[in-house]
Amino acid sequence: MSTNSDGLRIALFFLVTLCSGAVGDEIRSGGKFPLVVSTWPFLEAVRAAWRSVDSGFSAVDAVVEGCSACEEPRCDGTVGPGGSPDENGETTIDAMIMNGVTMEVGAVAAMRYVSDGIRAARLVMQHTEHTMLVGEQASIFAISMGLPGPTNLSSEESREKWINWKKSKCQPNFRKNVMPIDDCGPYSLESILSFGERTCLSTKRAGLDQSGPYHVDRHNHDTISMAVIDKMGHIAVGTSTNGATFKIPGRVGDGPIAGSSAYADTEAGACGATGDGDIMMRFLPCYQVVESMRLGMEPKLAAQDAIARIARKYPNFVGAIFAVNKNGIHAGACHGWTFQYSVRSPDMDDVVVYTVVPEMPTV
Ligand SMILES: *[C@@H]1O[C@H](CO)[C@@H](O)[C@H](O)[C@H]1NC(C)=O
């Protein structure tokens, strides 16, 4: 072992100690239940869920109130109507709700013309035997069950964003291994002739630097993912998002996928996730977190372990997770960005925002 690498080890150890000691430590909620936890500083959403659950409503109802509060003023422009236009300039909605007592799930994906994502998801859960409805047929169902619509989900802001993107030749975008690489479509498969051996084709994203995290950041790629434990100790989770900006029409991310963006089991705990959903949904990180806690793992370690498993395969992915166990102990973990999650419990006067920094990799 050279002195150099020993030095590196010591430096890294120091950093790890520093990071984990400073912020994002596991926090026990003193007054216990009810409890509301949400991704990001979505204060109004957490307050709305809190008012509902604190006045005696169920965890499921509180999740709906909380996520709805986020859909109306469009928390950060990426939840609810008027944000995240797709390649055609259209906004669509993904949402999911899960009852951690019965393990029932309701979800809508790529829903058009209806802004109430979480309410539509609850209708699927409570008034059908299904788990997920998609696209225009989800909209028809939601409207037939009484939700307002058809509604124009575009806003001046989303319209302008999309026009500017078209002007900059549709860059960046989510295509790969297609021609043209630096312009708008129509796209076609890369020609074998122009690239020689098919096996030599490299994976590349059109117009993007594949070495780093691309256009994923808080303002174009986040989701509200919320967990509520009610006074009975029952747990529910819900998510709502309008997905990735300039996504390919028809794309469904992690938001409406139970086990990916959120998961709940009253016997173990709950989890919420946000970030690069296209990657995260391949790992079902929230299912893993809840199952780890069921086996006795502390929330902090469960969240870190789920993030680390993704990072080993995708070192450049951007994502974050919060975990809360059935006793109300919560923690977060993240990769590629600094994460914040919000909590409201009986021993707090108002919502408290916790900051989590990425951990250094284990040496
Ligand atoms: C929807 O709203 C956007 C933004 O306000 C507007 O530009 C667009 O024309 C509207 N579409 C329809 C079909 O009314």
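If you check A306, A302, A320 for being closer than 24 Å to A48 by Cα, buried (at least 19 other Cβ atoms within 10 Å of the Cβ) and under 18 Å from the mean Cα position of the chain (by Cα), only one passes: A320. Would a scan of segment 112-127 turn up a residue that is more than 16 Å from the ligand (Cβ to nearest atom), farther than 30 Å from E267 by Cα and modelled with pLDDT of 95 or more? No - not one qualifying residue is present in segment 112-127. Cβ-Cβ distances below 6 Å connect the following pairs, each with a first residue in segment 45-72 that is assigned by TED's automatic domain parsing to the domain that holds M125, a second residue that is part of a helix (DSSP H, G or I) and among the hydroxyl-bearing types (S, T, Y), and a separation of six or more residues or different chains: D61/S52; A62/S52; E65/S52. Among the numbered conditions (1) of a type outside the set (F, W, Y); (2) more than 18 Å from A270 (Cβ to Cβ); (3) in contact with a strand residue (DSSP E or B) (Cβ under 6 Å, 6 or more places away or on another chain), the only one that Q304 does not meet is (2).
To keep it simple, each residue is scored yes or no on (1) over 18 Å from P249 (Cα atoms); (2) at pLDDT below 95; (3) assigned to a loop (DSSP other than H, G, I, E, B).
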position: N88; (1), (2), (3): no, no, yes
position: T91; (1), (2), (3): no, yes, yes
position: L133; (1), (2), (3): no, no, no
position: F141; (1), (2), (3): yes, no, no
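A count restricted to segment 32-58 and to residues that are under 14 Å from S345 (Cβ atoms) and touching a His at 6+ places or on another chain (Cβ under 9 Å) stands at 2. Taken over segment 158-187, the criterion of being more than 15 Å from the ligand (Cβ to nearest atom) and among the small types (G, A, S) is satisfied by S168, G185. Screening segment 246-268 for residues that are in a strand (DSSP E or B) and touching a Phe, Trp or Tyr at 6+ places or on another chain (Cβ under 9 Å) and picking the one that is surrounded by the most Cβ atoms within 10 Å (Cβ to Cβ) gives Y263. Considering only segment 312-319, I want to know if a residue exists there that is in contact with an Asp or Glu (Cβ under 6 Å, 6 or more places away or on another chain) and under 25 Å from D265 (Cβ atoms). Yes. Step by step: first the residues of segment 133-157, then only those that are more than 16 Å from the ligand (Cβ to nearest atom) and under 25 Å from the mean Cα position of the chain (by Cα), then the one that is surrounded by the fewest Cβ atoms within 10 Å (Cβ to Cβ). Which residue is that? Among them, the one singled out is Q137. Scoring P358 on the criteria (1) in contact with a His (Cβ under 8 Å, 6 or more places away or on another chain); (2) closer than 28 Å to T92 by Cα; (3) outside any strand (DSSP E or B) leaves a single failure, condition (2).
The values are calculated or read from the model by the stated rules, or taken from the named source; none is laboratory data. What you see is a predicted model, and the numbers here were worked out from it, not measured in a lab. So basically every Cβ, Gly included, is an ideal-geometry build from the backbone, and we count neighbours across all protein chains shown.
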